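Participant: Can you read through this structure? Questions will come right after.
Just so it is clear, none of the values below were taken in a lab; they were calculated from the coordinates. Everything numeric here is computed off the predicted structure, so don't read it as measured data. Note that we place each Cβ from the backbone using ideal geometry, even for glycine, and neighbour counts take in every protein chain shown.
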């Protein structure tokens, strides 16, 4: 069986397994209990957890993107300009 087909089948199996288990994942107990109580202060605490999780999820992409942008700009800045004196335009 080709490697590509095997990898696709494995991805489908893992995706189906994740879809079946997703109903059981209700979040962290602190957030779930605080929202069930209906307390405004507890809801603010759960909202704080939500935003901190979003920040932690976004940070690797932000760092990788910033590093990639830095490398791209440095490579572009160091690119030689074509002013007519390059190796293909040598004067006799």
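Participant: What distance in nm lies between label points placed 7 Å from Cα along the C-beta direction at residue 47 and residue 14?
Facilitator: 3.6
Participant: Residue 74 to residue 61: extension gain in nm, 0.36 nm per residue of separation minus the Cα-Cα distance? Show your work: numbers first, answer last.
Facilitator: Values: separation 13, 0.36 × 13 = 4.68 nm, distance 1.98 nm.
Answer, rounded to one decimal: 2.7 nm.
Participant: What is the distance, in nm, between label points placed 7 Å from the Cα along the Cα-to-Cβ direction at residue 54 and at residue 7?
Facilitator: Modelled inter-label distance: 3.3 nm.
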